[in-house]
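Asker: My questions all concern the structure below.
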Amino acid sequence: MESPAENPSKAAEYLKELNKIIETQQELLEKQKRRIDELEQQVAKLYHENACLQDEHHRHLATCRLQQG
């Protein structure tokens, strides 16, 4: 069986294929990074929203206690 080193056109074909694979992987990584950024922004927004709701809830409970007392 002929090795790629013995057949330069085969070696060039393999390199082209490897470059295509690498390019595709890089595109996927970039897509994943963008998605992670989007999700991190969502988490930050939800974290802030949750903190506001907890604060509102505590104020409501305090108001209820004052009205009962």
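The values are calculated or read from the model by the stated rules, or taken from the named source; none is laboratory data. In this text the structure is predicted, and so the values were computed from the model without any measurement. Every residue, glycine as well, gets a Cβ built from its backbone with ideal geometry; the counts of neighbours run over all protein chains shown. Side chains are part of the model used for accessible areas, which takes the heavy atoms of the whole protein and leaves out ligands, DNA and RNA. Shrake-Rupley method; radii C 1.70, N 1.55, O 1.52, S 1.80 Å.
Asker: Give me the net charge of residue 32's neighbourhood, meaning all other residues with Cβ under 13 Å from the Cβ of residue 32; Lys, Arg count +1, Asp, Glu -1.
Answerer: Working: positive: 31, 33, 34, 35; negative: 27, 30, 37, 38, 40.
Once all neighbours under 13 Å are counted, the net charge is -1.
Asker: Calculate one ³J(HN,Hα) per residue across segment 36-51 by plugging θ = phi - 60° into the Karplus curve 6.51 cos²θ - 1.76 cosθ + 1.60, and present them in order as whole Hz with x for glycine and proline.
Answerer: So the J values, rounded to whole Hz, are 4, 4, 4, 5, 5, 5, 4, 4, 4, 5, 5, 4, 5, 4, 5, 4.
Asker: Can you pull the percent of the chain's accessible area that's carbon plus sulfur, 1.4 Å probe, other chains left in place? Working shown, then result.
Answerer: Working: 3870 of 6840 Å².
Summing carbon and sulfur atoms, their accessible area is 57 percent of the total for the chain.
Asker: Next question, about the same structure. Do the sum for the chain: with -39,500 (n - 2.57) for every DSSP H run of n ≥ 4, divided by all residues, what is the mean residue ellipticity at 222 nm, to the nearest 500 deg cm²/dmol?
Answerer: On the way: 1 runs with 61 residues, N = 69.
Here the helix-only value at 222 nm equals -33500 deg cm²/dmol.
Asker: A further question on this structure: Taking the Cα centre of the chain as origin and charging only Cβ (+1 Lys, Arg; -1 Asp, Glu), how large is the dipole, in debye to the nearest 20? Show your work: numbers first, answer last.
Answerer: On the way: 10 positive and 13 negative charges, 86 e Å.
The dipole of the chain has a size of about 420 debye.
Asker: Just to confirm a number: summing +1 for Lys and Arg and -1 for Asp and Glu over residues other than residue 43 whose beta-carbon lies under 13 angstrom from that of residue 43, what do you get?
Answerer: Residues near residue 43 contribute -2 overall.
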